[in-house]
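One structure below.
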Amino acid sequence: MPKLPKLKILCKIWYEDGVWNSSARDLPVAAFGKNIEQARKNLTEAVLCHFDAVHELGRLRATIQKLQH
């Protein structure tokens, strides 16, 4: 995968039902963890996996452009 430009991705982390949840507002990505640090780390990994997937589908440029506007 090519190097990604710096992107601002709004993320939300909250505690609910005994687990820390996290999601990226402008991407179809969510994760969870036992604590806030793990939820953040898992969300970061999920976002990177999402970019790998859109790259393989040939939609990386379109995804980046959508996030930059």
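The values are calculated or read from the model by the stated rules, or taken from the named source; none is laboratory data. Quick caveat: nothing in here was measured; it's all calculated off a predicted structure. Ligands, DNA and RNA are stripped out before the accessible areas are found, and what is left, the full protein with its side chains, is counted by its heavy atoms. Shrake-Rupley method; radii C 1.70, N 1.55, O 1.52, S 1.80 Å.
The table below lists the values:
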| quantity | calculated |
| --- | --- |
| Spatially proximal lysines relative to Lys34 (Cα-Cα < 18 Å; intrachain offsets below 8 disregarded) | Lys12 |
| Solvent exposure, largest accessible area first (probe 1.4 Å, DNA, RNA and ligands not counted), of Phe51, Phe32 | Phe32, Phe51 |
| Rounded tilt (10° steps) of 36-56 against the dominant C-alpha axis of the chain | 20 |
| All aspartates and glutamates inside 19 Å of Lys41 as judged from Cα atoms, apart from same-chain residues fewer than 8 positions distant | Glu16, Asp26, Asp52 |
| Intensity falloff of the chain expressed as log10 I(q)/I(0), Debye formula with alpha-carbon point scatterers, at q = 0.16 Å⁻¹ | -0.56 |
